[in-house]
Amino acid sequence: MKPKRIFRRWQQRRQRLQAALRALVEQCRRTGNAEQVHELRVGLRRLRLFVRVGRSLLEPRAVAQFRQWAHGVSKLTSPVRDLDVAIEWLRNEPNASVLAKICRRSRDPQWRKARCRLRPPPESVLSELGKVLGGPKAPARLAKRVRKLERRHEAAVRAVLPGFFGLSANDRHEFRRTLRWWRYLRELGLARGEHSRDKLLRALVAAQEATGDQQNLALARAALVRHGKGVSGTELRRQLRLEQAQQADRIREALAALARRRKAMGSDPYY
């Protein structure tokens with residue numbers, strides 16, 4: 001991975017994410033449907049990774065202000081997103097229309113509350129984040145940072161793989177977050193046309209999606225427990241348990257494939 005190439009990708013992709021951010025916030029404030037809330041949260045995650053990777057090359061005060069704002073938006077929209085996930089599952093299940101409506105009635109006031117507090121980041125912060133410090137050494141410093149973080153996340157995933165199913169819910173969530181950061185870093189090291197051909201990236205995406213779907217089922221279960229009182233949900237609970245068991249098998253396959261892929265690539269899969 002040539003430093004100048006990865007630096008150029010980091011610059012271009014970060015600038016695109018920053019340019020799209022204000023529009024995502026404004027679109028979300030106007031309508032705030034499930035897809036828009038999800039797109040805003042995904043865009044934020046990716047931009048936070050790019051800022052984190054290049055923080056030594058960016059104005060420290062702007063980095064701190066952006067991270068504070070981004071954390072606030074993530075926290076603000078999280079309850080809404082959790083309900084959106086549960087509603088999406090319920091819509092695909094027979095005899096779940098009543099519970100879906102109950103969740104929708106809970107979701108709407110949650111969104112109205114979040115919408116009142118949702119604001120785009122200050123223009124001055126985005127402007128400062130657009131400036132890169134470090135001079136001619138910036139590409140080499142960035143490439144070194146990317147490699148260091150990739151190795152750190154890869155080591156964290158490798159350490160957890162054998163005991164994934166013994167993790168607590170919080171630790172599984174943290175594992176999925178680590179997978180996501182590793183995936184984003186891997187994408188940064190590849191041209192866009194290489195993404196679909198890169199076997200390690202495909203394995204990371206599969207593992208992230210499998211563990212993510214498990215988390216989504218947990219959110220659906222939480223909705224059943226919280227909002228299903230007075231609703232006959234016996235069949236829904238049975239279906240949920242069945243899907244959770246199937247998802248566990250899918251996770252085992254995805255994590256085993258990731259372990260095999262990592263081993264097949266040897267000691268240095270990055271460069």
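Here Val80 clears all of (1) part of a helix (DSSP H, G or I); (2) surrounded by 15 or more Cβ atoms within 10 Å (Cβ to Cβ); (3) touching a Leu at 6+ places or on another chain (Cβ under 9 Å) except the condition numbered (3). Listed by first and then second residue, the pairs linking a residue in the range 116-134 that is touching a residue at least 60 places away in the same chain (Cβ under 8 Å) and assigned to a loop (DSSP other than H, G, I, E, B) to a residue that is surrounded by 15 or more Cβ atoms within 10 Å (Cβ to Cβ) and basic (Lys, Arg), with Cβ atoms under 6 Å apart and 6 or more places separating them unless they lie on different chains, are Leu118/Arg29; Gly134/Arg141. Based on what the data block shows, is Gln27 free of Cβ contacts under 8 Å to residues at least 40 places away in the same chain, over 25 Å from Arg147 (Cβ atoms) and either part of a helix (DSSP H, G or I) or of a type in the set (D, E, K, R) (or both)? So Gln27 fits the description; yes. The set of residues from the range 211-229 being charged (D, E, K, R) and more than 17 Å from Val98 (Cα to Cα) comprises just one member, Asp213. For the range 63-71, the count of residues that are touching a helix residue (DSSP H, G or I) at 6+ places or on another chain (Cβ under 8 Å), touching a residue at least 24 places away in the same chain (Cβ under 8 Å) and among the charged types (D, E, K, R) is zero. Being in a helix (DSSP H, G or I), of a type in the set (A, V, I, L, M, F, W, C) and surrounded by 17 or more Cβ atoms within 10 Å (Cβ to Cβ) narrows it down to one residue among Val51, Val98, Val42; which is it? That would be Val51, the only listed residue that is in a helix (DSSP H, G or I), of a type in the set (A, V, I, L, M, F, W, C) and surrounded by 17 or more Cβ atoms within 10 Å (Cβ to Cβ). Counting only residues that are among the aliphatic types (A, V, I, L, M), more than 13 Å from the chain's Cα centre (by Cα), part of a helix (DSSP H, G or I) and closer than 17 Å to Ala210 by Cβ, the range 145-190 holds 4 of them. Counting only residues that are in contact with a Pro (Cβ under 9 Å, 6 or more places away or on another chain) and within 30 Å of Trp10 (Cβ to Cβ), the range 107-128 holds 1 of them. None of Lys113, Lys131 is within 20 Å of Cys28 (Cβ to Cβ) and either aromatic (Phe, Trp, Tyr) or surrounded by fewer than 16 Cβ atoms within 10 Å (Cβ to Cβ) (or both) except Lys113.
Which one of these is modelled with pLDDT of 90 or more, on the phi < 0 side of the Ramachandran plot and out of contact with any strand residue (DSSP E or B) (no Cβ under 8 Å at 6 or more places or on another chain): Leu201, Leu224?
Working: Leu224 fails: modelled with pLDDT of 90 or more.
Going through Leu201, Leu224 in turn, the sole match is Leu201.
Among the conditions (1) farther than 26 Å from Arg262 by Cβ; (2) touching an Asp or Glu at 6+ places or on another chain (Cβ under 9 Å), Pro121 misses just one, which is (2).
Among the criteria (1) surrounded by fewer than 17 Cβ atoms within 10 Å (Cβ to Cβ); (2) in contact (Cβ under 8 Å) with a residue 24 or more places away in the chain, the one Ala155 does not fulfil is (2).
The values are calculated or read from the model by the stated rules, or taken from the named source; none is laboratory data. The structure displayed is predicted, hence computed values, not measured ones. Virtual Cβ from ideal backbone geometry, glycine too; neighbours counted across all protein chains shown.
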